[in-house]
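A short write-up of the structure that comes next.
The values are calculated or read from the model by the stated rules, or taken from the named source; none is laboratory data. The structure displayed is predicted, hence computed values, not measured ones. No Cβ is skipped: glycine too gets one built from the backbone with ideal geometry, and neighbour counts run over all protein chains shown. Ligands, DNA and RNA are excluded from the accessible area calculation, which covers all protein heavy atoms including side chains. Shrake-Rupley method; radii C 1.70, N 1.55, O 1.52, S 1.80 Å.
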Amino acid sequence: MVELSDLPGVGEKTAEKLRDAGFADMMRLATATAKELSVKAEIGEGVAEKVIEAARRSENIDFETALEVDERRKDVGHITVGSQEFNDLIGGGIETQSITEVFGEFGSGKSQISHELAVTVQLPEELGGLDGECVFVDTENTFRPERIRQIAEGFELDVEEVLGRIHVARAFNSSHQILMVDKINDLIQSGKNVKLVIVDSLMAHFRAEYVGRESLAVRQQKLNQHLHSLQQIANTYNVAVFITNQVQAKPDSFFGSPTKAIGGHVLGHASTYRIWLKKGLAGKRIARLVDSPHLPEGECVFKITSEGIVS
């Protein structure tokens, strides 16, 4: 295994800077941009380009056949949502190496699913989990350990152990949110078996801080970089990324849904799976898969109980 200090032109001092900036993993380094590396590790762009090029050579990054991609996809894991119908809708559960987005109006079940996944990711693989830990980036003050306790008891798990394997970050603005996502690299490299990253919700701070059409371009650029960081984490460490999103009204809509997800095309293109949540009758919820690389559109009905999500 190649160490940072083994790369051409990387001394111990530069290697230390790279580790401190969250680039201890060789694949993470190989997939970085020179500008990103230069800013985060505080090294010159010329040095950054050489370091990245050396990392790419060591990782042997090149074209691969579809057969090789198919073989690599066998490493992809799935996390149960609690409802078998919901799992079937999205191909077996929330997928690793991907960003799954759920959007809907308030009370549609976005945060409830987030809490459910924070518990189910800890289940053994034969029960629909990945026996891993969870990072929960809370931007709207929605995380409740009491809810985790209820769901864990429903699965007959050790509540204290479950709570101890969820790493919560309360983000107070968009810059803080981006910083906490960047720190996930450090958490994983310190030995934590993180298999799920939840951001609830992704757009709350961006929506509040960047007001008006004149700030839209800056917001979308910053959002794009943030999503790129999340996708890098998903790919590098075989982690599932689950984000919740808000909606806005469509006053000009006469047919179809009167709301749409915020975040624009940047978020729409970044999300591997997009799921629209709606309120149903008698306390039921409806999940509709609206975008996926390989699955057909469809919907299912689920219910939120005191013990979690059920069909």
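The table that follows gives values for the structure above.
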item	result
Subset tally (residues that are crowded, with 17+ Cβ neighbours inside 10 Å and either small (Gly, Ala, Ser) or not in a helix (DSSP H, G or I) (or both)) for segment 176-215	12
Members of segment 84-97 that are crowded, with 23+ Cβ neighbours inside 10 Å and not β-branched (Val, Ile, Thr)	PHE86, LEU89, GLY93
Leading residue by the ranking (farthest from ILE275 (Cα to Cα)) among those in segment 58-77 that are open to solvent by less than 60 Å² (accessible area, probe 1.4 Å) and of a type outside the set (A, V, I, L, M, F, W, C)	SER58
Residues located in segment 143-175, provided they are part of a helix (DSSP H, G or I) and either open to solvent by 90 Å² or more (accessible area, probe 1.4 Å) or without any contact (Cβ under 8 Å) to a residue 24 or more places away in the chain (or both)	PRO145, GLU146, ARG149, GLU153, VAL159, GLU160, GLU161, LEU163, GLY164, SER175
Residue check, PHE172 aromatic (Phe, Trp, Tyr) and in contact with a Gly (Cβ under 8 Å, 6 or more places away or on another chain)	no
Hits in segment 1-48 - residues which are in a loop (DSSP other than H, G, I, E, B), closer than 24 Å to GLN97 by Cα and open to solvent by 60 Å² or more (accessible area, probe 1.4 Å)	MET1, VAL2, THR33
Test result for VAL218, open to solvent by 70 Å² or more (accessible area, probe 1.4 Å) and without any contact (Cβ under 8 Å) to a residue 24 or more places away in the chain	yes
Answer from ILE198, ILE184 - the residue that is under 15 Å from GLN122 (Cβ atoms), within 19 Å of the chain's Cα centre (by Cα), assigned by TED's automatic domain parsing to the domain that holds GLY104 and in contact (Cβ under 8 Å) with a residue 24 or more places away in the chain	ILE198
Single residue of segment 250-267 satisfying the filter (touching a Lys or Arg at 6+ places or on another chain (Cβ under 7 Å) and in a loop (DSSP other than H, G, I, E, B)) that is most open to solvent (accessible area, probe 1.4 Å)	PRO258
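The rows are residues; the columns are (1) closer than 18 Å to GLY92 by Cβ; (2) in contact with a His (Cβ under 6 Å, 6 or more places away or on another chain); (3) open to solvent by 40 Å² or more (accessible area, probe 1.4 Å).
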site: VAL241; (1), (2), (3): yes, no, no
site: GLN248; (1), (2), (3): no, no, yes
site: HIS269; (1), (2), (3): no, no, yes
site: LEU281; (1), (2), (3): no, no, yes
site: HIS294; (1), (2), (3): yes, no, yes
site: GLU307; (1), (2), (3): no, no, yes
